[in-house]
Amino acid sequence: MNEKEQLIREIEQAPDYLIKEVLDFLLFIKSRTKYLKSNSDRDLETQLQAMAEDREIQTEISVSDREFLEETNLLQEKLAPESNWEETLERIEARRKEIHARTGGKPFKPSVTEIIHQMREERDEQLMQACFPNERSRPSQMHQEQ
């Protein structure tokens, strides 16, 4: 079995992340070889400097890829749905008991429905003032008059 066949066999068995690294490395080597051949009339120092710059760029790209993968994994962990709904339900129940103990079992005053109604009226008034700044009558005043 020659080197090419062995390389192909190893690639077929390798995980995706490793294949990407091998491909990046192979493309880098090919570009470096092509670059050195095309610049044969340059002096050696200039060629080495250009190669070093290419390596720095490749290193930056590699670091950037790793950081991207780390950020992606972190984001996936944070966005993953909570695995145990029973734990969530227990936390909600514990919070309900805390509120119940703090309020002595009495209902909220004013009631939640009243609060929502009041907030809707305030928002309606804001919208009316924004849409019709010169108008004096407001929906809340019109409702009170009726």
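The values are calculated or read from the model by the stated rules, or taken from the named source; none is laboratory data. Every value quoted in this text rests on a predicted model; they were computed, and no experiment measured them. Don't worry about glycine lacking a Cβ; one is built from the backbone with ideal geometry, like all the others, and counts go over all protein chains shown.
Filter region 1-15 for residues that are modelled with pLDDT of 85 or more and loosely packed, with under 10 Cβ neighbours inside 10 Å and give the result.
Asn2, Glu3, Lys4, Glu5, Glu12, Gln13, Pro15
For region 54-86, name all the residues that are loosely packed, with under 10 Cβ neighbours inside 10 Å and either modelled with pLDDT of 80 or more or outside any loop (DSSP other than H, G, I, E, B) (or both).
Gln76, Glu77, Lys78, Leu79, Trp85, Glu86
Rundown of residues vs (1) on the phi > 0 side of the Ramachandran plot; (2) surrounded by 10 or more Cβ atoms within 10 Å (Cβ to Cβ); (3) acidic (Asp, Glu), yes/no style:
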{"position": "Leu89", "(1), (2), (3)": "no, yes, no"}
{"position": "Arg96", "(1), (2), (3)": "no, yes, no"}
{"position": "Lys106", "(1), (2), (3)": "no, no, no"}
{"position": "Ser111", "(1), (2), (3)": "no, yes, no"}
{"position": "Ile115", "(1), (2), (3)": "no, yes, no"}
{"position": "Asp124", "(1), (2), (3)": "no, yes, yes"}
{"position": "Leu127", "(1), (2), (3)": "no, yes, no"}
{"position": "Pro133", "(1), (2), (3)": "no, no, no"}
